[in-house]
1. Counting only C-alpha contacts under 8 Å and six or more residues apart, can you give the relative contact order of segment B:21-204 as a whole percent?
2. Cα gyration tensor of the protein assembly as shown, axes a ≥ b ≥ c as square roots of the eigenvalues: rounded (a/c below 1.5), prolate (a/b > b/c) or oblate?
3. Run the reach check for A:LYS260 against lysines, Cα to Cα strictly under 17 Å, same-chain hits fewer than 8 apart removed. What comes back?
4. Can you tell me which aspartates and glutamates have their Cα less than 19 Å from the Cα of B:LYS242? Leave out same-chain residues fewer than eight positions away.
5. Mind ordering B:275-287, C:406-418, C:234-246 by average Cβ neighbours within 10 Å, highest first?
6. Most exposed first by the Cβ proxy, i.e. fewest other Cβ within 10 Å, how do C:TRP389, A:TRP242, A:TRP38 rank?
7. Enumerate by residue number the chymotrypsin sites (Phe, Trp or Tyr not before Pro) in segment C:1-107 meeting two conditions: DSSP loop (anything except H, G, I, E, B), and at most 11 other Cβ atoms within 10 Å of the site's Cβ.
8. Please go through segment B:46-132 and write out the chymotrypsin sites (Phe, Trp or Tyr not before Pro) that DSSP classes as loop and that have at most 14 other C-beta atoms within 10 Å.
Amino acid sequence: MKKINNYEYNSTLFLLARPLFLGFGIYQIINQIGSFFWISIILGIFLGLIINECSKFLSRFKALKIVISIILLVYVFYTLTSAISTLYLNKTPKFIILAALLLVVIYSRNKNKDTIFKIANIFFIINITLFFIMTFSLLSQINYQNFELITKFSVLKIINSSVYFALLSTLPYLTLPNFKENYNYKAYLFSSIYTLILFTLIVGILGIPVASIYKYPEYIIFKKISILNIFENVQNFLFISWIFECFILLGITSNNLSKKTLLILLFTIFILYTIFITKFNILFVGIY
Amino acid sequence: MKKIIILTIILLLTGCYNYKEVSDLAFISSFSIDYTNNNEFNIILEIKENNKDNLFSSYLLEGYGKTIEAAIQNASLSFNKNLYFINLDILLISSNAANLKLNNILDYVTRDNNFALDFNIAICDDSKGAIENILKKEEIFGRYINTLFKNTDNNVINIKLNDLLNSYLNHYYDIILPIINLKDNTIIIDEAVIFKNNEIIEHLNEKEISIYNILSNNLMDYYIHLELDNNIVFKTTHYNTKTNFKNNTLYIIPTLTGSYIEFENLNLNNSKELKRITEKINAKFNNEVEAFIDNLIKIESDPLGLKRYIKQKSLHKIKYRISTNIVLENKSLIFKSIGGK
Amino acid sequence: MKNLKFIQNLFNDTPDLVIRTLKRKYQSIYVVYLESVASGDRVNSYIISPLTLPSNYKEKIEKSLAGPNLKIITIKEIELYLCSGFAIILDGKKLYAIETKADLDRGIDDAKVEPAIYGPKDSFVENIQKNIGLIKKRIKSGHLKTENKLLGRYSKTVVSVLYIDNITKKELISEILTKLNNIDIDSINTSGELKQFLSNENKNVFPAMKLSERPDTIVKSLLEGKVIILVDNSPFAIVLPSVLADFINPTVDDYSNSLNTNYLKVLRMCCFILTIITPAFYIATTTYNPEAIPGLLLMNISTQRFGVPFPSIVEALIMLFVCELLRESDVRFPNNYGSAVSILGALILGESAVASGIVSPIMIIVIALTFITSLIFNEVEINGAVRSWRYIFLFFAATLGLYGFSLAIIIMLLNLCSYKVFKLNYMFPISPFDFSYLKETLIKIKRKKLNTRSKYLTDNIRKQS
C-alpha cells in the first residue's frame, strides 16, 4: 500500500481488464453481433475510458468497493473452477479444485497488501511472451473468407454488446486502491487492444458459425497451434495466462476484506458450492 | 499459517483422479462409423500398437450399439487399455450414416474436450476392407491417408473438422466430402459427394473436383490437356478466383498462373502459334467451368458458397459469366522444344 | 605483585604461560606472555632487548620500549590481551601491553569456493587484519569506515562492520549495529553462525546474506551501498543485504565482453528456473496431458515405462534421493578415497538401475538435467532452498496436473515477492523494477554507460567520473 511502483500499478491495470471475459464474455459478444465485432469493441473501448473517469469519482465510497469485491470474488471462483474442470481435470470433483484455489487465496491474504502488485509485474512479462508466441504461430492460419459479413446489422445489438464489453473490462477497476492518483489510461488501452486482437484471431480462424457454438473459443484456437510440426496440442500451457489473470483479480478483491470476513466468506462459498452442486444440478447445467 | 500447511497437505493426498499412465493408453488413429438398417451404429477403431523395434502396426476393434457411446463401450469390452482419441487422424462415415445421423456424429465429436481438432473426414462405405488393405502393407491407415490428403499433386478435397463445421453451420454453404473407394485392391480417392439439406445428392468426378478446388482457392496442382495435332499440357502452379455480383450477373474470374510443361514437335518461336494455343486452352477451361456450374444449378446445391454474393436463397435462374485469365511464366530449362523447328 | 598473583591464579594450569623477570633500578619488571599465541622473537626484539640495554637502564619504560602497538590497560583487560597474543609488562601498578602476535594463519591463497579465470586470485584468510588490508588496498579512500565489536563471552571474537559512509544508508548501518549489540552467546566461530543471528530464518528458505571470499566482490558491493561484516578466524565475509540476483550472477562477469556475458546470464536464469520445475513439468505432462508430447516420443516413453512397477512420482522421488546421497557423500568423503565412490555412483545411475527395472531411462535424463543445472550455483544455501521448492512443485504437479503446477508457481512467487531483507525486496531488480541495478546484475551493458547507482540501495546516485 505504501510504496507501489508505477510499473506495478500499470501491470495490474493491464491484467485486470481481462479475467471477466473467461467463459461467458466472448461467447455472448460473438453470439449477439458476430461479424460486426470491430465496431462494437471500439465503441466499447471509448465507453470504457469514460466509465474509468467516472469510477475515479466512485472509488471514494468504501461500501461500494466491498460489495463489488464480494460479487466479483464469488463470480470468478465459480467461472474459474468450471473452466478448469472442463478443460484440465475432467474427473476430479469440483470442490477439490475449488479448495486448492481457496487455500492459495488465503495464503496470499496473509502477506502484505503490496505483494500482489509485485506479482502482477512478473505475470505481465509472462503474459506478454505467451501472447507473442500465440499470435505469431496463429497468424498463418487466418482465413480471410471468415471475415465476410454474415450476420445482420442491428444498431441496438451493437450498442448492447459494446456496453457489455465496457462493463466487463472496467468493473474490476472499482476494487483497486488509490485508483484516482495512479490511473493511467494507456494501460487500459493496451489491454483492450489485446482483447481486440484475440477476437480477431478467434473470428478469423474459426469463423463465426463455429465460434458461436463453443463455450471457450479462446481455448479452442490454441488447439490449432502447430510449431515446426512438432509442438502441437500446447493449449494447456498457453491457457495458464488466464489462470494468472483470474488470480490477480482474486488477490486484489480479497485485499479489500479483512482476514476474518474473508475466511467466513470463503468457507460459506465452499459449503454452498458443494451443497448446490449436488442438489440443483439441472439449474447449473443450463448455464455451465 | 500452520493450519494452511496442514490443509494443503491433506488436500494433496486426496488422490489423483485424472492420472493417466502412458502405457495404459491406446492411441486411436482412425474411427469409422456406419449406421445399419437395424438402426444400430457399427463402429470400427484402429489402434496403434508400439513394438519395441519401432515398427508400427495396428489392430482393429469392432462394436455395435444404439448410440455411438454404446458402440464404443461394446468395442472396448474385452480391451485392457483406455481409449485415447486425441491423436485421431481420420474419421470415416458411411453414406447411410451421413444421410441420417450427421447431426449426431458431429455433436459427439465436437462436444468432448479430449477429441482432436485437426483430423480429416471422408465418406467410405467399406471401411473395414479399406483399412485391412492398408494393414497388409504394414502401415497405419490413419497416417497413410493423412499423408495422402496432404499431397498436393493429387486433386483431393482436404476437409478437416473445422472446415466441415463452418460449412455445415453456415446457411450459405452446402457441404462436400471426399469418398474413399476400394478399386482392384487399392485405395483411390477420386470422387466426392455434394450434399443438399444434409442429404447426398451427387457424386463428382476427378475433373469436377479439380474445378471445385480452383474456384474455391484450395492450393492444389492442376493441369489441362489440349489435343490438337500435338499433345500440349499446361500446368498451373498458382491460381486465384474472384467473384463479383454486378448488374444481376455473377462474374467469376479465375486467374491461372502456370507454364507449358509438355510439348510435342512444336516451334516455340512462333508467337502466333503460342497465342492460338493459349486461347484454345482458355476456351476449353471456360467450357468446363460452365458445365460444372450448370450442373450445380440443376441440382440446386451450392458447395462453393455462391449464395453469399447473390443474397438469394437458391441458385435458381441466375445469370453468370466466366472470364479466365491465363498468365504464362517460363520456368523451363530449355529454349527450344525437342522436335520443333 | 598483586597483579602478578592475579595472573598466576587465572592461568593456573597453563603450562605455556611465561613470566620473565627483569631488574631495573629498585624494582623488578615482569614480562608475561603466552607462548602459544605470542611470538618469542618479537617479545625479545620489542621488549627484552631494549630493556636490558645498559643505556636504557634509567630511562622510562615507554620511551625505551620498541614495538608498534603499545597500550596502557587495566586489570580486567589482562585476559583478553594475553589470549590475543600481546605481551604484558607489569611495572608496579602500571600495566602495559605490546602486540607480539605469532603468525598462526596460512598465507593468502587461491580462492577455492569461487574460482575465476580472469579475475584476481587472492582470497580472504583467517586473520581479520589481513582481510581488512586486502579491502583497503582496493579502496583508497577515507570514507571507508570500520566499526569493531567483540562478540561471544568466551571467544571474544572481533567482528568488523565496514561501509562507505557517503554511499550507504544510515538506517541500515544503525539497524545492523543494534542487532549486533543484542547478541549474547558463548562463542561465535565463523561468519556462518553470525549470519543466522542477523536474519530471520523462520520466514523463508532462501538466504538473505551472501558469503564471499573474494575481495573484488566485496569491493564492488561496498561501492553499491552494501555493508560488509568480517569475522575473525573466518575466511568468509558477509554481504548485506543480498537479493536473488546476486546469487545467480557472480562478479566475474564484469571482466569480459558484454555480449558474451549476456548470453551466459540468460543461461543462468534459465538454469535457475529449470532446476526447480523440470521434474514437476515432466510428470504433469506425461501423466495429465500426454497429448502435448510429439507422437514418436510418446510411443518411446510408453515402451520404456512398460516394465517399471512404480508410478512416475515414486520413481522421481527415488532418483532425487539417490542423487542427494551422491552429492552429500562427495562433499564429506576425503579426496583420497574419491574415485571408487564416483564409479559406484555411475554404476547405480547407469545401466543397472534401468536394467533391473526400477526406473525408466527417461527419468534418469530428467533428474540428471535437474542436477546439472543446479551445479551452476556454488552457494550451499541456494541449493537447499531450491531443493525444498522442487519437492513442493513435484507434489502439486503430481496430484493436480498443470493446474497444480500453475498454483505452485503462484505460491512460490508470493513467497519470494513478500520476502524483505533489511527493507529491500528479495526480487529486487525485477519487482520493484529498477533499471540501474538491472543493468549491473541481470543484463550487462557497456562500461561507459554505468553512471548511476540504484536508488533503492543508496541516496548518492551519481557515480563521480
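1. Numbers: 352 pairs, mean separation 34.7, N = 184.
Once normalised by length, the contact order is 19 percent.
2. Details: a/c = 2.52, a/b = 2.34, b/c = 1.08.
Cα axes put the protein assembly as shown in the prolate bin.
3. Once the sequence-local lysines are set aside, what remains near A:LYS260 is A:LYS111, A:LYS113, B:LYS2, B:LYS3.
4. Correct list for B:LYS242: A:GLU148, B:GLU208, B:ASP221, B:GLU288, B:GLU290, B:ASP294, B:ASP302.
5. Numbers: B:275-287: 15.0, C:406-418: 21.3, C:234-246: 22.9.
Peptide ranking by packing, descending: C:234-246, C:406-418, B:275-287.
6. Working: C:TRP389 20, A:TRP242 24, A:TRP38 14.
Least crowded to most crowded, the residues run A:TRP38, C:TRP389, A:TRP242.
7. Numbers: sites: C:PHE6, C:PHE11, C:TYR26, C:TYR30, C:TYR33, C:TYR46, C:TYR57, C:TYR81, C:PHE86, C:TYR96; in loops: C:PHE11, C:TYR26, C:TYR57.
Filter output for segment C:1-107: C:TYR26.
8. Working: sites: B:PHE56, B:TYR59, B:TYR64, B:PHE79, B:TYR84, B:PHE85, B:TYR108, B:PHE115, B:PHE119; in loops: B:PHE79, B:PHE85, B:PHE115, B:PHE119.
Within segment B:46-132, the qualifying chymotrypsin sites (Phe, Trp or Tyr not before Pro) (loop, at most 14 other Cβ atoms within 10 Å) are B:PHE79.
Every number here is computed from the coordinates shown, using simple stated rules; none is lab data. Small disclaimer: the values here were computed from a predicted structure and weren't measured. With ideal geometry, Cβ positions are generated from the backbone for all residues, glycine too; neighbour counts draw on all protein chains shown.
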